[in-house]
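First up is the structure itself, then whatever we jot down about it.
The values are calculated or read from the model by the stated rules, or taken from the named source; none is laboratory data. On a predicted model such as this, the values are computed, not experimentally measured, just so you know. Methodologically, a virtual Cβ is constructed for each residue, glycine included, from the backbone with ideal geometry; neighbour enumeration extends over all protein chains shown.
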Amino acid sequence: MWTSFFRQFTQKMEFPSALRHRNFRLYWGGLLVSVLGFQILMVVQGWLVYDLTGKARYLGLLGLVTAVPTILLNLVGGVAADRMDQRRLLMATQTSSAILMIFLGTLVLLNVVQIWHILVIAFLAGAVLAFDSPSRQSLYPHLIDRKDLMNAVALNSTIWQGTRIIGPAIAGIMAWKIGLASGFYAAAAGFLVLVFALSCIRIQPIHREITGNVRSNMGEGIRFVTTNRLFTFLIGMTFFNSFFGMSYVFLLPIFARDILDAGPQGLGFLQTGSGLGSLLMTFIAATLGRSRFKGHLLIGGATLFGFFLILFAYSQDYYTSMVLLFMAGASSSLYMILVMTTLQSQVPDHLRGRVMGLYGMTWSLMPLGAMQAGFIADWFGAPVAVTVGGFMVSAFAVVVGATNSKVRNMGNEIQAS
């Protein structure tokens, strides 16, 4: 009876069907642990920087040194993902990240860490990320039947949103009870778990149509995006979200310590509130695959995201702030899932790495957005910095929605294609 009920439930939701594939189950399980480690890393690293310096500008500088190598190398990473064995490439990047985190954690444990240590390691980690992200995005469509692609995208989204709930909370408790070094070691362990899972995956060799040199390969990917209005819009809107909207994440240590007086454990639970909203919206968005209103939903999600950020910026109550971040997380998740599912369903296989490299480059600007937010926070205060970011996201969404009918009708155009 229960088996029959579960089968009917999964067919109705069209959500977990990708987990029927052994290779994807291994990948998904390893990615879950790896991303959990990454979420822990984000919290302890930000707290460590602000605790060492007491200056918001260093949070921005941390974002800068992470973003620069990622932005410069993302297209190269996309070409590498299209030309090389993505599984082995991803194993190499995850191993490299683990080594960097073990080194940084040891510096913290020995109480010899300095701000320049963190910045140098962040720079190296950013370079690794430029190859990691395109290889991840290019690999998992080959681990499933293409009819399950929507389900795979939704499941991957649940990892990022779900770990935002428990990861920051775990990080806050670890930093409070054990020490910051434990967070870096936990991140390294998570990366190595994904390496092990990838080593267990067995897939047929992938035929690769890519020829020519790296420069011409990058040019081909750029031309594909710039001549396709749908991709141009999606990546452009992602830029506003990542550069302006998501910069609030880097300023949360300021809100937790100076405005809400919540401490490191409170910082973790603030991020947990955002993650919970994102996760719940992921389950809702997973049912929207056939919706003809994707354009309206995307624009509405981005507009509401900016609106809730502005309200959060001026909240003085800890629990009210958690609720507002919950709503912001839900709105942002709706937007991001619609972007990713549209990209993955429309991009040709032989260009997937390069297109995902461009998409990753746009997200790589988030640390640069943190830099501008950090300087605004230094000059005018963290609430003003978050307000600017929220306004820019909402304004761009409203302008595009009001002036571009093709964006509003995006769901109809995708179904027609």
*Residue check, Leu75 crowded, with 24+ Cβ neighbours inside 10 Å, over 17 Å from the mean Cα position of the chain (by Cα) and part of a helix (DSSP H, G or I)*: yes
*Scan (1) farther than 17 Å from Gly172 by Cβ; (2) without any contact (Cβ under 8 Å) to a residue 24 or more places away in the chain for the single condition Tyr319 breaks and write down its number.*
(1)
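Matching residues to (1) modelled with pLDDT of 95 or more; (2) surrounded by 18 or more Cβ atoms within 10 Å (Cβ to Cβ); (3) farther than 21 Å from Asn156 by Cβ:
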{"site": "Asp85", "(1), (2), (3)": "no, no, no"}
{"site": "Leu89", "(1), (2), (3)": "no, yes, no"}
{"site": "Val113", "(1), (2), (3)": "no, yes, yes"}
{"site": "Trp116", "(1), (2), (3)": "no, no, yes"}
{"site": "Ser135", "(1), (2), (3)": "no, yes, no"}
{"site": "Pro141", "(1), (2), (3)": "no, yes, no"}
{"site": "Ile144", "(1), (2), (3)": "no, yes, no"}
_Return the pair list, or none, for Cβ contacts closer than 7 Å from residues in region 240-261 that are over 16 Å from Gly172 (Cα atoms) and in contact (Cβ under 8 Å) with a residue 12 or more places away in the chain to residues that are outside any helix (DSSP H, G or I) and among the hydrophobic types (A, V, I, L, M, F, W, C), at least 6 apart or on different chains._
Ser242/Leu365; Phe243/Leu365
*Those residues of region 78-131 which are part of a loop (DSSP other than H, G, I, E, B) and not hydrophobic (A, V, I, L, M, F, W, C), in sequence order*: Asp85, Asn111, Gln114
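Do the conditions hold for Leu61, that is, is it part of a helix (DSSP H, G or I), crowded, with 24+ Cβ neighbours inside 10 Å, in contact (Cβ under 8 Å) with a residue 60 or more places away in the chain and aliphatic (A, V, I, L, M)?
Working: part of a helix (DSSP H, G or I): yes; crowded, with 24+ Cβ neighbours inside 10 Å: no; in contact (Cβ under 8 Å) with a residue 60 or more places away in the chain: yes; aliphatic (A, V, I, L, M): yes.
No: the conditions fail for Leu61.
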_Top-ranked residue of region 342-382 - restricted to ones that are surrounded by 23 or more Cβ atoms within 10 Å (Cβ to Cβ) and of a type in the set (Ser, Thr, Tyr), ranked as farthest from Leu155 (Cα to Cα)_ = Ser364
_Filter region 152-204 down to the residues that are surrounded by fewer than 23 Cβ atoms within 10 Å (Cβ to Cβ) and either outside any helix (DSSP H, G or I) or of a type in the set (S, T, N, Q) (or both) and list them by number._
Ser157, Thr158, Ile178, Gly179, Ser182, Ser199, Cys200, Ile201, Arg202, Ile203, Gln204
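Residue by residue, here is whether (1) closer than 30 Å to Val153 by Cα; (2) at pLDDT 90 or above holds:
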site	(1), (2)
Gly263	no, no
Gly266	no, no
Gln271	yes, no
Phe283	yes, no
Gly301	yes, no
Leu311	no, yes
Tyr318	no, yes
Ser321	yes, yes
Leu324	yes, yes
*Please state which of the following conditions Leu324 fails to meet, knowing it meets all the rest: (1) out of contact with any Leu (no Cβ under 8 Å at 6 or more places or on another chain); (2) of a type in the set (A, V, I, L, M, F, W, C); (3) crowded, with 22+ Cβ neighbours inside 10 Å.*
(1)
*Matching helices (runs of 4 or more DSSP H) fully within region 214-287 where at least 1 residues are surrounded by 16 or more Cβ atoms within 10 Å (Cβ to Cβ), touching a helix residue (DSSP H, G or I) at 6+ places or on another chain (Cβ under 8 Å) and among the hydroxyl-bearing types (Ser, Thr, Tyr)*: 229-240, 248-254, 263-285
